[in-house]
Amino acid sequence: MRGAQFDAAYYDRFYRDPRTRVYEASDVRKLCAFVLSYITHLDIPVRRVVDLGCGLGYWQEALEDLVPKARYTGVEISEYLCDEYGWEHASVAEFRGRGAYDLVICQGVLQYLDDDEAERALANMARLCRGALYLETLTEEDWAENCDRSVTDGAVHLRPASFYRERLERRFLSAGGGVFIQKETGVVLYELEKGR
């Protein structure tokens with residue numbers, strides 16, 4: 001994954017321009033409220049959060065409102081955004097952090113990685129997570145059936161959803177809605193609560 005690809009023009013097109021952005025801060029705030037409500041329901045405390053591929057920091061803004069005492073770490077491959085916002089410069093596959101995190105966020109990143117990098121990123125997220133993972137990534141199925149191609153970056157690595165599910169199920173329980181629970185938490189999900 002090349003950080004230079006994620007320059008000002010990329011973020012202007014996919015995040016800042018109202019005509020071409022894929023989502024905006026208010027969308028992430030709703031998503032964040034959902035994720036926090038669900039994992040709070042499962043008795044997973046949120047004290048430490050890492051956002052891998054944090055972009056413009058929409059999750060940080062939402063978390064500051066919803067769980068102001070949580071410590072947030074933003075990680076980004078884009079040197080442009082690291083300079084602009086002060087994020088930690090690293091890839092999702094290589095970020096080491098300090099200890100484990102209650103919530104690991106990775107939204108819209110893995111499709112930019114080749115298969116080997118994606119495998120390493122998934123393993124790294126499992127290592128970093130002691131509670132819940134929120135994962136969103138564009139799949140072959142999404143490209144064919146679900147996404148709005150007029151605002152979605154198609155210059156990515158499309159893989160079947162099964163690629164991600166097979167690797168995630170080694171360390172996580174799917175709770176649906178893009179939320180995955182680290183198996184070591186001991187959280188019990190009833191069958192109809194599970195994503196699959």
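All of the numbers you see were taken from the coordinates with simple rules; none came from a lab. Since this is a predicted model, take the numbers as computed values, not measurements. Here the Cβ positions follow ideal geometry from the backbone for every residue, glycine too, while neighbour counts run over all protein chains shown.
Below are the figures for this structure:
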{"item": "Cut-off 18 Å, label 7 Å out along Cα→Cβ of L66, residues of the stretch 128-154 by amide N", "result": "130-137"}
{"item": "Note, ³J(HN,Hα) from phi for the stretch 131-142, Karplus 6.51, -1.76, 1.60, rounded to Hz, x at Gly and Pro", "result": "x, 10, 10, 9, 10, 10, 8, 6, 10, 4, 5, 5"}
{"item": "Whether the stretch 3-193 is rounded, prolate or oblate, judged on the alpha carbon gyration tensor where a/c under 1.5 counts as rounded", "result": "rounded"}
{"item": "Neighbour-count ranking [beta-carbon atoms within 10 angstrom, fewest first] of V109, V188, V156", "result": "V188, V156, V109"}
{"item": "Cα gyration tensor, the stretch 73-183 - rounded (a/c under 1.5), prolate or oblate", "result": "oblate"}
{"item": "Nearest-20 debye value, the chain charge dipole, Cβ charges on Lys, Arg, Asp, Glu", "result": "700 debye"}
{"item": "Cβ crowding within 10 Å averaged over residues, with 48-56, 158-166 ranked highest first", "result": "48-56, 158-166"}
{"item": "Cross-link reach list, aspartates and glutamates versus K69, counting only Cα pairs under 15 Å and skipping chain neighbours closer than eight places", "result": "E61, D102"}
{"item": "In sequence order, calculated HN-Hα J values of the stretch 151-166 (Karplus, 6.51, -1.76, 1.60; Hz; x Gly/Pro)", "result": "10, 9, 6, x, 8, 9, 9, 8, 10, x, 4, 4, 4, 6, 4, 4"}
{"item": "Cα lying deepest toward the dipole's positive end in the stretch 74-196, options V151, Q111, L173, charges on Cβ", "result": "L173"}
{"item": "In order through the stretch 188-196: 3J(HN,Hα) via Karplus (6.51 cos²θ - 1.76 cosθ + 1.60), integer Hz, x for Gly, Pro", "result": "9, 10, 5, 4, 7, 7, 6, x, 8"}
{"item": "Highest to lowest packing among 78-86, 98-106, scored as the average C-beta count within 10 Å", "result": "98-106, 78-86"}
{"item": "Sequence-distant residues sharing a close amide H with F172 (under 5 Å, placed H)", "result": "K183"}
{"item": "Dipole-positive endmost among L122, L56, F6 within the stretch 3-193 (Cβ charges, Cα centre)", "result": "L122"}
{"item": "Spatially proximal lysines relative to K194 (Cα-Cα < 24 Å; intrachain offsets below 8 disregarded)", "result": "K30, K183"}
{"item": "Model label zone, V156; criterion: amide N under 14 Å from point 7 Å along Cα-to-beta-carbon; scope the stretch 109-124", "result": "109-115, 118"}
